[in-house]
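Encoded as structure tokens, the structure appears first; notes follow it.
The values are calculated or read from the model by the stated rules, or taken from the named source; none is laboratory data. Model, not experiment: these values are computed from the prediction. FYI the Cβ positions are ideal-geometry reconstructions off the backbone, even for glycines, and counts take in every protein chain you see.
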Amino acid sequence: MNWKAHIAGGFVLSLLFLFLNYNYKFIELETSFSFIILSVGIIMFYSLVPDLDHQISKLTFIITVFMLFLCLYLVLIKDFDKIIYLIVILIVLWLLPKIKGFGHRGHYHSIIFGIIVCIPILFISWKLSLIAFISFFSHLLCDWEFKFW
């Protein structure tokens with residue numbers, strides 16, 4: 001599947017969850033504008049996260065371009081200490097898929113990795129973290145790849 005289909009799958013599974021939640025009231029969801037906007041961004045981002053192990057994925061490209069612009073900005077403001085961290089992250093992002101087990105549809109396509117990458121969203125909201133995991137899981141469903149680790 002391509003990146004557009006994975007994003008569509010993320011929205012379909014999230015909407016299915018919202019429909020079921022509306023009818024059965026599993027959890028009380030927020031309806032604020034900011035929550036909805038954050039949810040849309042999280043769905044789009046996390047439905048592509050498992051393909052970070054693919055060097056030509058749309059998300060890898062977007063993150064790489066963003067970090068390169070960030071490095072350029074840091075050079076312009078002469079904040080050289082933070083550039084090293086960004087370069088290390090970029091190197092890891094590009095080298096990790098070459099390590100055995102981390103290649104395409106390796107560990108990145110697993111439930112444990114999904115839980116790990118959704119943990120930072122917990123610091124914002126556990127409901128957003130749940131939406132992130134549902135979006136991540138939609139990618140696994142679309143690829144029909146189910147692994148624990």
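So that you can scan it fast, the table gives a plain yes or no per residue for (1) surrounded by 15 or more Cβ atoms within 10 Å (Cβ to Cβ); (2) among the aromatic types (F, W, Y):
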| residue | (1), (2) |
| --- | --- |
| N2 | no, no |
| H6 | yes, no |
| L13 | yes, no |
| F19 | no, yes |
| N23 | no, no |
| I27 | no, no |
| E30 | no, no |
| I43 | yes, no |
| L52 | yes, no |
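Just one of the numbered conditions (1) at pLDDT 75 or above; (2) surrounded by 15 or more Cβ atoms within 10 Å (Cβ to Cβ) is not true of L96: (1). Applying the condition of being in a helix (DSSP H, G or I) and modelled with pLDDT under 85 to segment 128-149 and asking which residue is surrounded by the most Cβ atoms within 10 Å (Cβ to Cβ) yields C142. Among what's in segment 54-65 and is assigned to a helix (DSSP H, G or I) and surrounded by 11 or more Cβ atoms within 10 Å (Cβ to Cβ), pick the residue that is modelled with the highest pLDDT. Only one residue fits best here, namely I62.
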